[in-house]
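What follows is a set of notes on a single structure, which appears directly below.
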Amino acid sequence: MSRALIHPALPGLILAALASTALVAQETTIPPAEQTPLPTAPVEAPTAPAETAPPADEPSPAPETAAETPTVPASNVDPGYQGYAMVPESGDWVDWGRDMGGTRYVPYDEITPQNVGDLEVAWTFRTGGAGPNQATPLQVGNTLYVCTRDNRIFALNAETGEELWNFDPVLTNLANGGGCRGVSYFQASEGEELCAARVITSTRDARLVAVDARTGERCPGFGTDGEVDLRVGMGPDEAGFQYNTSPAKVVNGMIVVGAAIFDGQSVDEPSGVIRAYDAVDGSFRWAWDMGRPGINTEPAEGEMYTPGTPNVWSVMSADPELGMVYLPIGNATPDYFGGHRTPEMEEYSSSVVALNVADGSVAWHFQTLHHDIWDYDVASQPVLIDFPSADGPIPALVQPTKRGELFVFNRETGEPLTEIEERPVTQGAVEGDYTAETQPFSVGMPRLGSNHIEESDMWGLTPLDQLICRLQFRQSRYEGTLTPPSDQAYTIFTPGYFGGSNWGSVSYDPERNILIGTSVDVPNRMRLIPTDSPEAARFHEVDERGMPIIGPGVGAPQRGTPYVQDGGTWLSPLGVPCTRPPFGNMTAIDMETQEVVWERPIGTARNGGPFGWKLGLDIEMGMPLNGGSLVTGSGLVFFAGSQDGYFRALSTETGEELWRIDMPTGATATPMSYIGAESGDQFIALTAGGTFQTTERGDYIIAYRLPR
């Protein structure tokens, strides 16, 4: 609908409706919003009462009592275990999540809850690249390393933001979407010879490129002219469906890399194979191709890795001492029909998998969802923590999921450390497919976000669009969480495919044993259409490169299956979610008691509204969130991934909002922190490259510190 066709009084009515709806919401679950936020002054934001997360919705009744942490056999607790090295030995931010386990924690205490309101911009750098940019910078010594959406690498002076060098890999053959969440760093040798220290990027056109950390020059001894072709063994891919968005994991002298695969296109899209290369010379070391169990070599000439297998597009974690790398596995392509899947795909789809770094063999795995036909791929980085027990700390792994479940394992053995139940779920798949009879629920941990809705949850900016949402709810198939897709009616998925938890994952404060997670609470509504029906024809249209004409999130052709997929995020005719806010929450969980410490909505409506308009309302409703959080030793949580363009600091212990500042553009990147090598000052830095599900874009790298 164009603006010319809208009644001139409608914007005012919408503002009134939104304000009144938000006020009603405030009386139930949403804390009062601040009327006059000041960029550099503390902002009071009352937190929601601490409460236990709601039980998972399923046909069978939930347990009446809270689940107890299972007893861990003594054989699984190493008496000599001294705890996980949360802080890298160098003190630098050398990995995407700072440490290889992705805790996103710094022990610094210069910036505190008492003085965080004084934070101000220390410097700003503009890359000149197109957004959105989701990168978290690395920091080594006095240098920051950050990438742009087109995989350009910038080295910046960490104290001043001055550019030291930049490198452009010159991308070709790009698929739609994608970006660069960060680069990797490897110290190959001591001294100042070329590429003794190197920065590695895995590119959107499927290359692995290594450059000298001091100069940005290509590393001549790495692969061919400093790069490795990641399309080798992957078969034909003229449309560029294979691309890389997340940083490779460098562990024990090897670079372990997966790939993003363009969603929903075909049963024979490029393989989800995981490969390892020598971090010094780029030579191939091993491959884990689940379609070739027990074979870790490259395919023979004329052959290729198994097409269509589940992939790893998000960020991996690693434990160098155990010699394991931990993979968040996606679901097999395409997303919403699984009748064609092989036993190997079924075993590993939507799982967390531990591989032995030495040879790529499977050490253990756990499947978070059986026969995934909801696009609930494991998107969150596995986070490594010390799990408290009566026998001392246990090396643990926390795996958040899009369903909002939090699974906790002994990361050496894969044994659950909190209770998991297999529960009956709704049945009734389309012809040619099936549903698993039971699914795993993490009953020993609170969940992130909600997984159940009622008709009374329908919401709208006006009575008319609320009515339409209620009608759509009644006309849809919805029998609680994990209602399977249907070809007879639209099906509602709760949560939607954005989560629950997505790639921002969770952060962990080891001093307080508090886990910080964010969640998105916006359902999907979709249906399956027989692929040979006239209605399905528009989903098969492609451009000259073979890319689909229909946009992502609207539908997908699912070639090779009997059905196309129609639908996506469930929005009202005005373009806002059909369910009531909050649409995004932050939750703090005490890992010693496995109880919610606090939970609160994050995000105002100032940059949101119907048809993409910015209504400018600073009402704290809880907006869809993306990206991750940073936690500090002083008891602060920093987060920037809301649609409203604010960068926030909250109390780790209470959730109270202590500071927020208006950025020049929004951000979905995870913030980071470091100590300036020259000044000794603590800096907080992030990439501001655009906000979630909006057209706003930017090219900013911004660092903050206290006044000098």
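Tabulated values for the structure
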{"quantity": "Dipole of segment 389-497, positive direction: furthest Cα of 488, 390, 441, with charges on the beta-carbon", "calculated": "488"}
{"quantity": "Overall form of the chain per C-alpha gyration tensor (a/c, 1.5; a/b vs b/c)", "calculated": "rounded"}
{"quantity": "Rg to Rh, two decimals, where segment 409-487 supplies the alpha carbon set and Rh follows Kirkwood", "calculated": "1.11"}
{"quantity": "Cα convex hull volume per residue for segment 553-610 (Å³)", "calculated": "157 Å³"}
{"quantity": "Fraction in percent of alpha-carbon pairs per bin - 5 Å, segment 597-708", "calculated": "2, 12, 22, 24, 18, 13, 6, 3, 1, 0"}
{"quantity": "119, 615, reordered so the largest accessible area comes first (probe 1.4 Å)", "calculated": "615, 119"}
{"quantity": "Semi-axes of the equivalent ellipsoid for segment 199-251, Cα gyration tensor, largest first, Å", "calculated": "22, 12, 9"}
{"quantity": "Segment 236-382 - Debye-derived log10 I(q)/I(0), Cα point model, q = 0.10, 0.14, 0.20 Å⁻¹", "calculated": "-0.30, -0.60, -1.28"}
{"quantity": "Solvent-accessible surface (1.4 angstrom probe) belonging to residue 96, in square angstrom, nearest 10", "calculated": "10 Å²"}
{"quantity": "Net length gained if the chain between residue 571 and residue 488 were fully extended (0.36 nm per residue, minus Cα distance)", "calculated": "27.8 nm"}
{"quantity": "FRET efficiency for residue 238 and residue 535, using Cβ-Cβ distance with R0 set to 22 Å, rounded to 0.05", "calculated": "0.20"}
{"quantity": "Cβ-placed point charges (K, R +1; D, E -1), dipole of segment 425-561 about Cα centre in debye, nearest 20", "calculated": "140 debye"}
{"quantity": "Other-chain or far-sequence residues with amide H under 5 Å of residue 282's (modelled H)", "calculated": "223"}
{"quantity": "Cα→Cβ-extended label distance, 7 Å offset, between residue 301 and residue 224, nm", "calculated": "1.5 nm"}
{"quantity": "Pairwise label distance in nanometres, residue 542 with residue 118, each label 7 Å out on the Cα-Cβ vector", "calculated": "6.0 nm"}
{"quantity": "Rg/Rh (Cα only; Kirkwood hydrodynamic radius) as it applies to segment 648-708", "calculated": "1.02"}
{"quantity": "Distance between segment 639-658 and segment 473-532 - C-alpha centres, whole angstrom", "calculated": "24 Å"}
{"quantity": "Surface per residue (accessible, 1.4 Å probe) for segment 333-401, Å²", "calculated": "22 Å²"}
{"quantity": "Förster-model FRET efficiency, 22 Å R0, residue 166 and residue 90, C-beta, rounded to 0.05", "calculated": "0.40"}
{"quantity": "With DNA, RNA and ligands ignored, accessible area of residue 124 (1.4 Å probe; Å², nearest 10)", "calculated": "70 Å²"}
{"quantity": "Built amide H within the under 5 Å cut-off of residue 351, gap 5+", "calculated": "329, 368, 378"}
{"quantity": "Alpha-carbon centroids, segment 188-264 and segment 314-378: separation in whole Å", "calculated": "22 Å"}
{"quantity": "Residue-level accessible surface for residue 201, protein heavy atoms, 1.4 Å, Å²", "calculated": "0 Å²"}
{"quantity": "Cysteines having no other Cys beta carbon under 4.7 Å from their own, within the chain", "calculated": "none"}
{"quantity": "Nearest-20 debye value, the chain charge dipole, Cβ charges on Lys, Arg, Asp, Glu", "calculated": "1780 debye"}
{"quantity": "Burial order of peptide ranges 295-304, 403-412 (average beta-carbon count within 10 Å, highest first)", "calculated": "403-412, 295-304"}
{"quantity": "Given charges at Cβ of Lys, Arg, Asp, Glu: the chain dipole, positive-most of 355, 564, 632", "calculated": "564"}
{"quantity": "Kirkwood Rh and Cα Rg combined as Rg/Rh, segment 337-452", "calculated": "0.99"}
{"quantity": "Cubic angstrom per residue, convex hull over Cα atoms of segment 237-304", "calculated": "114 Å³"}
{"quantity": "All Cα pairs of segment 311-376, percent lying beyond 15 Å", "calculated": "51 percent"}
{"quantity": "Surface/4 of the Cα convex hull for segment 380-422, nm²", "calculated": "3.4 nm²"}
{"quantity": "Debye intensity ratio in log₁₀ form over the Cα atoms of segment 504-605, taken at each q of 0.12, 0.21, 0.25 Å⁻¹", "calculated": "-0.64, -1.02, -1.23"}
{"quantity": "Heavy-atom accessible surface of segment 309-399: percent carbon and sulfur, 1.4 Å", "calculated": "52 percent"}
{"quantity": "Computed label-point distance, nm, for sites residue 189 and residue 464 using a 7 Å Cα→Cβ extension", "calculated": "7.2 nm"}
{"quantity": "Alpha-carbon spread of segment 144-266, three principal axes, descending order, Å", "calculated": "48, 29, 23"}
{"quantity": "Of the GluC sites (Glu not before Pro) in segment 601-708, those whose Cβ has at most 13 other Cβ within 10 Å and which sit in DSSP loop", "calculated": "678"}
{"quantity": "Listed residues 165, 613 arranged by accessible area, highest first, probe 1.4 Å", "calculated": "613, 165"}
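The values are calculated or read from the model by the stated rules, or taken from the named source; none is laboratory data. What you are looking at is a predicted structure, and each value in this text was computed from that prediction instead of being measured. All Cβ positions, glycine included, derive from the backbone under ideal geometry; neighbour counts span all protein chains shown. Quick note on the areas: whole protein, heavy atoms, side chains included, nothing else; ligands and nucleic acids left out. Shrake-Rupley method; radii C 1.70, N 1.55, O 1.52, S 1.80 Å.
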